[in-house]
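None of the figures in this text is laboratory data; all of them are computed from the coordinates on show. Note that the structure is a prediction, hence the values are computed from the model and not measured. Positions of Cβ are backbone-derived with ideal geometry, glycine not excepted, and every protein chain shown enters the neighbour counts.
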Amino acid sequence: MRHTLTVINKTTGAPQNGYTVSLYAYSTGSSGYSGSALYTYTDGQNGTYYADVTTTIKGTVVVVTSGGSTVVPPNKIGIIVQGDNQPTIQPGGTT
């Protein structure tokens, strides 16, 4: 399933492209992730990034800016990313 994110500059509110966005396995450590990237998102050149996820995982999104700074958005730590191996989850918890 395609997982899509939009990266917004928190100062200007403008969409940001040119970053490296990756999905890592969730870890309870201080950074919220561990190991190597499971998925690297494709830059849509308009602030939108996407990855085609095949396996449902609990993960953490990590963004590396064009200047080389690593950012772990607090609202993207320990998220469930639905993969192709699961039926679509509908509102209300039914499939």
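Listing for the model above:
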quantity: Members of region 19-34 that are among the small types (Gly, Ala, Ser) and over 15 Å from the mean Cα position of the chain (by Cα); calculated: Gly29, Ser30
quantity: Members of region 1-31 found to be part of a strand (DSSP E or B) and not aromatic (Phe, Trp, Tyr), listed by number; calculated: Arg2, His3, Thr4, Leu5, Thr6, Ile8, Pro15, Thr20, Val21, Ser22, Leu23, Ala25
quantity: Among the residues listed as Val7, Val71, Val81, the single one being hydrophobic (A, V, I, L, M, F, W, C) and out of contact with any Gly (no Cβ under 8 Å at 6 or more places or on another chain); calculated: Val71
